[in-house]
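Have a look at the structure below, then the notes.
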Amino acid sequence: MIQAVASAATIFQSLPGDWTLVRDLGYTGKFRGNATFHLGEPEKPGFLRYREEGILERSDGKQFDGYREYDFVLHEDPPAIELLFRDPLSFGNRYVLLQFGEDANDGLCARDIHPCGDDFYHHCMIWHDENHFETKIKITGPKKDHLLHSIYRRGQ
């Protein structure tokens, strides 16, 4: 349990800055762009704003600008990083609560499940080091069954 506290805090403190992002959307296509973590509110030290921007290229070759935003909140009890939605329909609601501690092949893993209507988003974040992490989100439901695999690398 002590290791999980250090891990969540250490990971959270390593997030600020610029990251490159490549996301495989399965049969839908790919997303390439940049992600930034920054202090959203200076008076809240355990609070980071996340924004990704880039180009979505669908399997048919069509391209679209895209972005996504979340708030990341560090919790001490339980030791975790909570992701909150920033979109107008779900603003401030929890997406997932990531409690690190599970060992992955070459990193530290956290998992949570987000229900969305009849669908479920099985979120896994794998922290490799302060310059590299990834997420794997398996979406299942009556009409959905695909994997979103994102690779983040520290920007240069």
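Where a number appears in this text, it was derived from the coordinates with a stated rule and is not lab data. The structure displayed is predicted, hence computed values, not measured ones. Cβ atoms come from the backbone with ideal geometry, glycine included; neighbour counts cover every protein chain shown.
Brief remarks on what is shown
- Virtual paramagnetic centre 7 Å along Cα→Cβ of T28, amide N under 18 Å, in the range 50-65: 51-65
- Links that overshoot a 20 Å alpha carbon limit, given the list K62/K138; K30/K136; K30/K144: K62/K138
- Given +1 at the Cβ of Lys and Arg, -1 at the Cβ of Asp and Glu and no other charges, the dipole of the chain around its Cα centre is 480 debye to the nearest 20.
- 5 Å binning of all Cα-Cα separations within the chain, expressed as whole percents from 0 upward: 2, 9, 16, 22, 23, 16, 8, 3, 1, 0
- Within a Gaussian network of the chain (alpha carbon springs, distance under 10 Å), most fluctuating of D65, D145, D118: D118
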